[in-house]
Structure formats: C-alpha cells, structure tokens
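Heads up, the thing below is written out as structure tokens.
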Amino acid sequence: MITLIKCELKKLKGRYFFVMSAVFIMLYLAWVMHGYDKPSEADLKFGWKLLLYQLPLINTILLPFICSVTASRLCETEHSGNMLKQLCTLTSRGRLFDAKLFLGILSVGISVAVMWVCIVMLGFIKGFWGKFPVDLYIKYLIFTLLPTFEIYILQHSLALCFKNQSVGFFTGIAGEFAGVFSIFLQNVPWLRKLLIWGHYGALDLMGMYGWTKETKFENVYFVTYDISPIFIIFIIASTVLIYLFGRYMFERKEL
Amino acid sequence: MNEIVETKKLTKVYGGKVCVDGIDMSVEKGRIYGLLGPNGAGKSTTLKMLLGLVRPNMGEIKIFGTIFSPKTKTEILKDIGSLIESPSYYGHLTARENLRIYTTILSLPEKNIDEVLRIVRLDGQENKKTSAYSLGMKQRLGIASALLSFPKLLILDEPTNGLDPAGIKEIRELILSLPKKYGMTVIVSSHLLSEIDKLADDVGIISNGRLVYQGSLEALHGYDSQKSLEEIFIGLTGGVGSL
Ligand SMILES: Nc1ncnc2c1ncn2[C@@H]1O[C@H](COP(=O)(O)OP(=O)(O)OP(=O)(O)O)[C@@H](O)[C@H]1O
Ligand SMILES: [Mg+2]
C-alpha cells in the first residue's frame, strides 16, 4: 500500500497537481473574502456567525467542483496511457483503488483544512466582534470534511471506472446544481438529506432570521442548529456504501 | 508439470455474441506459442482472460498448475509479463520513470531497467517524455515493461504492431532468444501467418472464437502435404480475414 502511494506520488511529476490545488484554495478564499473587503459594522458584529451561515452555500458550489477535477486529474493518466491493464496485472485492483483514493482524500482534506484556517484568520484580522466560537468552528470543519469525502469517493470511483472523464464531470456538475437547489428549497428538508451534494446544507449550523431588504441587519437574530447524530451516522454509512460500491465496480471492470 | 497454461472450455460472450467459444488451449513450458487468427477472431480477448482483465463467462484457466481465481490471481500474475493491444505508458514521464513505476510496485532492482532498455534499444531515448515517442518506440517500451521482471511467462499481443521491418526482425530475434536465455515461456498473438511461421514452436489457430487447430508448427506444415501453409490456414479459418 505504501509502495503504491509512493508510485502515485511519482506519477504526479510534471502534472502541476499541487499548483492546481493551490489555485482552488485561492479561488475559494477570494470568493469568501470579497464580501469582507470593506466590512460594515454589522459584518463585524455578526462576523463569526454570519460566516457559518454563508459558508455551506459556498461549499456546495465550489467543493464538489474541486473534488471532481481533482479526482479526474489523478485518474485520467491511467486511461489516456492504457495503464490500467498493466497496473491491474501488477497488483490487486482493490489496493490500487485505495492508494489513489488515499492521495485524493488527503489532497482535498488538506485543502479544506487550509481554507478553514484562512477563514478563521480572516475573522481575527478583520477584527470580528466577540469571542471566536471554537467549538462551533471545529464542528463546522468536521461537517465540511464529511460531505467532501463522501463526494470525493464518488468522483474517484467515476473517474477510475469510466475512461470518459466527462461522466464524472457532468455527474459532479449536475449534483452540484441539485445541491444548491436543495438548499433554497427550505420547505423540502429531506431533499438536502438525501442528496449527497445537499449535505453541506443539511449540516448547516447557523440560521439567520429577520433580515429584510429595508431593515437589513436591524432585527437580525441567529439560531444555532443541532445536528442529529442519526443523520451523521447516515452520512458516514452512505460514505462507506459509496466506497464499497465504487471499489466493487472497479474490481469488476473489464479492461 | 510441463503445462504452463491450460484452459478448459474458455468462453466469453459480449452482448449475446460468443466471441471466445470453448477454447481448450495448452501451452508447454519453454515453448513459443503462436496464437494465430484473423482480425476479430478473439485473440486479444483470450489473452485478456489469461491475465484476469476480462472475466470468462464459462470455463477454467490453469496457470503454473494453479487454477486462476480471484484469490490466486495476484500470486500468479507476479510471474507474468504482458503487452496487450496498444502499449501502456504515462505520456508525461520518461521511459525510465515509466519503468520505475513497475520496479517500485514489484520491488525490482534499478539494473533491470537498464537491461530491458538496452534489450529493446531504447537506451539512447530513455530521458525523453514518452508522449513524444513514435508508435514503434512506444511498442518497444511496452515490450520492455513486459520483460522487466524477467517473468516465467510472457504474453505478447501483436508485439510487432507499428514496428518497421528491421524492428520486426529485431523483436522476432529477441523473442526467439527468450526461452533459451531466461527459460521463459512465450505466448505471441498475430494475424500474420508469416510472422508466426518464423517465430512459433507451437501454433493455435483461432477463428470466430474457436480454436480450430492446435499443435506444433511442423505438424501444421504436414497437415496437408498437397497444400501450402497459406492454403491450410485459409482452409482452417474458412477464408476470412487477412494474412
Ligand atoms: N469490450 C468489448 N465489447 C464488445 N465486444 C467486444 C469487446 N471486446 C472485444 N469484442 C468483440 O470480440 C471479438 C474478438 O475481439 P478480439 O479483440 O479478441 O479480436 P482479435 O483476435 O484480437 O482481433 P485483432 O487481430 O483485430 O486484434 C470481436 O468481434 C470484438 O468485436
Ligand atoms: Mg487483438
């Protein structure tokens, strides 16, 4: 397994993989931060909570895209050079699947963690009011990583099982649209829970109420949501299922 | 145990069409086995089943005396080198870096890389990205990676594809030397009768998925003393395909 991961690292040479990840992180941060260029008093006053309210939507839009491109980037060389039929005779397919997945998960996991650190730093640098709500932000980090891993495993399976990378790409884009859609459909909460791309929204920790065009932040109040442990177990179980199914499909794939 | 590969009723169906039809193939140790057949006969599909790349619908495969199954597969494949259809490579890496992926997985020494690069005569080109290789050079790299572990069994599917006449001769001489030099058993497929005639000890002729002849090359020559080898081949395969 370690050997296979080493091989994966060797294959990255000259593929600008880390540059790509860095670009994604910057894109994400630029998106988040442009709203805080010239923060209003309300922005600063509600800063920590406001961010937690805004980020799940941004995550739903950007992270699935990052997952899909990362997975495709890691897997496409195997297809374009007909390498799978060699690799699959050199080592077990399951391990091959795992080694590549490990690298991808590590990459998106680190990216999400870096984004998180930068966002927290943003809050401190801009001088958000009040104490930094550590436990909420740690919860938020975990609740961002969970759906990211879930989506990444799906994208990885598609990128490895289908020679045609647009299968994964279009699944990712379609899922992403559905995910965004599900966030705006406030009165059908189950949709968010069922769609893996809706899980960022379903794991939302902060609700904002009382905002209108006229009164703006005057009457605004925030509500912290509790997430049911059963739903978290559901997410973990569906992640494991996607993994087992993807791995099974790859093991059965004819080359 | 003299049988390196033995298949029984090996069958593959693609979308209702039987593409490999109950093949009983038998390859003996230290021999060069030529799998001959017209385009679409089922050569590549048969070889892919031997490598576990394609799952048979029916039948049994025994390699090195062990029945091929999901459990025994990895162990068996360790001793097989292969080149199936188009060669495999990472275009963004050089030949040496490509081969290093294999040596890392198989924990082979770096000197094997030098040796196979020399054998296929790529030693002057090893630091060029393989995406810039010509078809023939890629084919040579494919042969190099198949040879890299100096396996007990070498499976080459149309290995001279894309090579120039001098290259074809060179690779032919290389293949001919392998059993004596390294004790390898080789399975080579081709749709060219003349190629198999110059190369093989034993021949299996496959037509429409069926193994219509299996035996030594001499026996094939003596199959019908009135006819040339070409006529015998056309007779066996029903006249379809190219020669
Ligand atoms: N993945 C697949 N799906 C459907 N049919 C397939 C598939 N692979 C092969 N076939 C069919 O199986 C038959 C045998 O194909 P195969 O590639 O084994 O022929 P071959 O003897 O290697 O021919 P060639 O000399 O052209 O390489 C063909 O009719 C082909 O169309
Ligand atoms: Mg073929």
key: Out of B:124, B:65, B:22, B:30, sole residue that is more than 12 Å from chain A (Cβ to nearest Cβ) and within 16 Å of ligand 1 (Cβ to nearest atom)   = B:22
key: Residue check for residue B:180: of a type in the set (Lys, Arg), away from chain A (no Cβ under 14 Å) and either under 30 Å from residue A:12 (Cβ atoms) or assigned to a strand (DSSP E or B) (or both)   = no
ask   = Do any residues in region B:37-56 that are farther than 21 Å from residue A:90 by Cβ have Cβ atoms under 9 Å from those of residues that are near ligand 2 (Cβ under 8 Å from one of its atoms) and charged (D, E, K, R), where the two are at least six apart or on different chains, and which pairs are they?
value = B:37/B:43; B:43/B:157; B:43/B:158
message = Quick check on this structure: which one of A:70, A:91, A:60 is within 14 Å of chain B (Cβ to nearest Cβ) and among the β-branched types (Val, Ile, Thr)?
response = A:91
ask   = Mind checking which residues of region B:41-68 are away from ligand 2 (no atom under 16 Å from the Cβ) and either at negative phi or among the polar types (S, T, N, Q) (or both)?
value = B:55, B:56, B:57, B:58, B:60, B:61, B:62, B:63, B:66, B:67, B:68
task = Kindly indicate which of B:29, B:17, B:8, B:71 is over 14 Å from residue B:186 (Cα atoms), in contact (Cβ under 8 Å) with a residue 12 or more places away in the chain and either surrounded by 23 or more Cβ atoms within 10 Å (Cβ to Cβ) or more than 14 Å from ligand 2 (Cβ to nearest atom) (or both).
result = B:8
request  = Kindly provide the set of residues from region B:153-170 that are more than 16 Å from ligand 1 (Cβ to nearest atom) and within 14 Å of chain A (Cβ to nearest Cβ), ordered by number.
outcome  = B:153, B:154
request  = Consider residue B:44 carefully, then state whether it is closer than 27 Å to residue B:216 by Cα and within 16 Å of ligand 1 (Cβ to nearest atom).
outcome  = yes
query = Is at least one residue of region B:160-167 in a helix (DSSP H, G or I), more than 16 Å from ligand 2 (Cβ to nearest atom), crowded, with 21+ Cβ neighbours inside 10 Å and at negative phi?
reply = no
remark   = Being over 13 Å from the mean Cα position of the chain (by Cα), within 14 Å of another protein chain (Cβ to nearest Cβ) and away from ligand 1 (no atom under 16 Å from the Cβ) narrows B:228, B:149, B:216 down to just B:149
task = For residue A:204, state whether it is among the acidic types (Asp, Glu) and in contact (Cβ under 8 Å) with a residue 40 or more places away in the chain.
result = yes
key: Boolean, residue B:99 is under 28 Å from residue A:79 (Cα atoms), within 16 Å of ligand 2 (Cβ to nearest atom) and at pLDDT 95 or above   = no
Options B:195, B:110, B:173: the member that is within 16 Å of ligand 2 (Cβ to nearest atom) and of a type outside the set (Ser, Thr, Tyr) = B:195
ask   = Does residue B:173 qualify as being part of a helix (DSSP H, G or I) and within 16 Å of ligand 1 (Cβ to nearest atom)?
value = no
key: Which listed residue is over 21 Å from residue A:64 (Cβ atoms), of a type in the set (Ser, Thr, Tyr) and surrounded by 13 or more Cβ atoms within 10 Å (Cβ to Cβ), from A:243, A:248   = A:248
Residue that is nearest to ligand 1 (Cβ to nearest atom), among those in region B:74-95 that are more than 8 Å from chain A (Cβ to nearest Cβ) and surrounded by 18 or more Cβ atoms within 10 Å (Cβ to Cβ) = B:83
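The values are calculated or read from the model by the stated rules, or taken from the named source; none is laboratory data. In this text the structure is predicted, and so the values were computed from the model without any measurement. Cβ coordinates were reconstructed from backbone atoms using ideal geometry, including for glycine residues, and neighbour counts include every protein chain displayed.
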